[in-house]
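Accompanying notes for the structure given below.
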Amino acid sequence: MGTVTIGVSIAVPEPHGSQLQQLRAGFGDAAAHGIPTHVTLLPPTGVETDDLPAVEAHLREVAASGRPFPMRLRGTGTFRPLSPVVFVQVVEGAEACTWLQKQVRDASGPVARELPFPYHPHVTVAHGIEEAAMDRAFEELADYEAEWPCTGFALYEQGADGVWRKLREFTFGSSVIPPQGGPADRGSVSAR
């Protein structure tokens, strides 16, 4: 039936997601509007269309074993000169992201794969653009901060147009998503 390119990631919620996407576009990154703002758990990976139900079943199992955790972004970093990327750093939740991506890529699962670089959770804000624009992204977002309770992750598919679209969300530990928003909600997230 053919192959599709999928990815698994934690979406950066609103208003932060749109804000970072607009900033990324403003730095001149043409891919910004086709890529929802996220923390990658599985980078772009080709799979057979017929294997998608097995991938979804695997991701349901991973999500069922996960628990909500606080995510906090602060400041910038870069992979230059190895890779032309500027990112916002994950300063809280990185260990949980690292555990999750290992579970997603588990050798016994349908999307087992090695990574070309060591895993480093981050939110890309500039990729493959002019050096001066990369420097500007690094400097302008140096004081950026955002936080939210992470309650799950999602499976995305890249369309022929290069745009990534959400196929399905996977909630940690249960199908109930706790309320999100105000300060009273922080730190009181329950899995069940």
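Values in this text are rule-based calculations from the coordinates and carry no lab data. What you are looking at is a predicted structure, and each value in this text was computed from that prediction instead of being measured.
Quick check on the chain: helices-only [θ] at 222 nm, where DSSP H runs of length 4 and up contribute -39,500 (n - 2.57) each and the sum goes over total residues. Nearest 500, please. Counting only the DSSP helices, I get -7500 deg cm²/dmol. Using 0.36 nm per residue and subtracting the Cα-Cα separation, the extra length available between ALA107 and ALA64 on full extension is 13.6 nm.
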